[in-house]
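Asks: Please find one structure pasted underneath; my questions will follow.
Coordinate-derived values only; no laboratory data. Note that the structure is predicted; figures quoted are calculated from it, not measured. With ideal geometry, Cβ positions are generated from the backbone for all residues, glycine too; neighbour counts draw on all protein chains shown.
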Amino acid sequence: MKNKERRPGAKPFPGAKAKGSGAERPATAKPYASKGRDERPARPPRREAEATKAKPQPQTHDASSEPARVLTVRNGDRPTERVPLILESSGAGDFHLIDSGDGLKLEQYGPYRIVRPEAQALWPKALPSHVWDKADAVFTGDTDEDGMGRWRFQREALGETWPLSLLGVDFHGRFTAFRHVGVFPEQIAHWSWMKQKIEAADRPLKVLNLFGYTGVASLVAAAAGAEVTHVDASKKAIGWARENQSLSRLDKAPIRWICEDAMKFILREERRGHHYDIILTDPPKFGRGPNGEVWQLFDHLPLMLDICRELLAPKAVGLVLTAYSIRASFYSIHELMRETMRGKGGLVESGELVIREAGLDGKTPGRALSTSLFSRWVPK
């Protein structure tokens with residue numbers, strides 16, 4: 001059994017307050033164990049936490065600590081729904097998907113063509129072998145989504161980093177041991193939506209980016225005029241994000257870089273009464289926190305969303321949840337989002353994020369490759 005599927009006992013999170021009101025009743029729920037996917041050096045954090053064997057941590061008890069924050073079951077009507085919604089990207093800026101098939105994908109990232117494993121590419125390749133053979137870099141090793149490996153450079157060794165640009169922001173691509181290169185292009189659909197909302201607003205919007213990784217989404221939001229709070233527990237990821245900020249000439253942009261466990265951060269923000277207009281959250285399936293805390297998506301996602309609801313401003317624009325590499329239908333997170341947003345009104349739209357093949361020229365539509373599940377709440 002892979003580590004990401006293990007469920008060791010979680011360490012209760014101390015210091016969080018129980019929540020409830022006349023219209024809401026506390027539900028029986030596991031106390032939060034702070035997550036580890038924040039603990040990622042280069043999407044590795046996202047992945048590094050999952051690649052390390054999970055060792056059960058000793059349970060501790062602090063008699064002076066406050067009760068754990070528990071899930072609240074909400075009353076009221078559920079938001080209206082739109083399902084299924086397929087958000088498609090054919091690429092943007094320096095990225096597009098050239099071809100896929102036989103468990104692989106061929107992508108263009110700026111000047112480089114790279115080959116990476118892709119379990120969902122069940123069909124045969126559309127382009128001939130000689131096109132694939134000319135790739136600059138091929139990821140080899142564990143073919144699992146979270147597995148480690150190494151890059152094989154077909155013709156000559158390439159530098160560790162190279163410049164890329166998406167939606168008007170510049171950043172560094174990087175060959176990491178976890179197959180990722182510093183950006184998750186399926187998120188382009190969410191980033192474009194967020195950019196449009198920020199630019200159309202009649203006021204500066206406040207954006208919270210949880211599990212922010214290398215900061216591309218945060219930079220897109222800041223460049224559009226938002227005040228951004230970026231949270232990731234990996235110092236390496238935060239460092240990479242700051243480099244990207246300089247590359248994008250956004251050094252003076254209002255971005256707070258927070259190196260901390262995401263769940264601990266939002267619990268503190270809730271206690272302080274802080275609010276955000278847009279919240280992006282892309283949690284892992286499994287992770288471990290810096291102090292041995294355990295995060296299990298199926299155990300702790302309901303509580304995380306419940307807290308995010310409390311952080312939404314009165315005139316909030318949206319709450320976006322993305323889930324990857326889980327054995328579930330988008331309906332599972334869709335119904336969770338609707339339950340979480342009971343009494344809030346608005347609309348919950350859920351489905352899949354897909355990337356459309358665009359050929360060698362970046363303009364020839366091909367097959368759609370599914371990458372992630374998502375659910376998004378928006379006010380009407």
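Asks: Measure off 7 Å from each Cα along the Cα-to-Cβ vector at S192 and S370, then give the distance between these two points in nanometres to one decimal.
Replies: Placing both labels 7 Å along Cα→Cβ, they lie 2.1 nm apart.
Asks: Between K380 and S129, 0.36 nm times their residue separation minus their Cα-Cα distance comes to what?
Replies: Length difference between fully extended and current span is 85.5 nm.
Asks: Which percent, nearest 5, of DSSP beta bridges in region 250-341 are antiparallel?
Replies: Rounded to the nearest five, the antiparallel share is 40 percent.
Asks: Roughly how many nanometres apart are two label points built 7 Å out from the Cα toward the Cβ at K252 and F153?
Replies: Roughly 3.8 nm, to one decimal.
Asks: A further question follows. Put a dot 7 Å past each Cα toward the Cβ at D202 and R82; how far apart are the dots in nm?
Replies: Going by the 7 Å Cα→Cβ label model, 2.3 nm.
Asks: Can you list the trypsin sites (Lys or Arg not before Pro) in region 244-284 that are in a DSSP coil and have 15 or fewer other beta carbons within 10 angstrom?
Replies: The qualifying sites are R249, K252.
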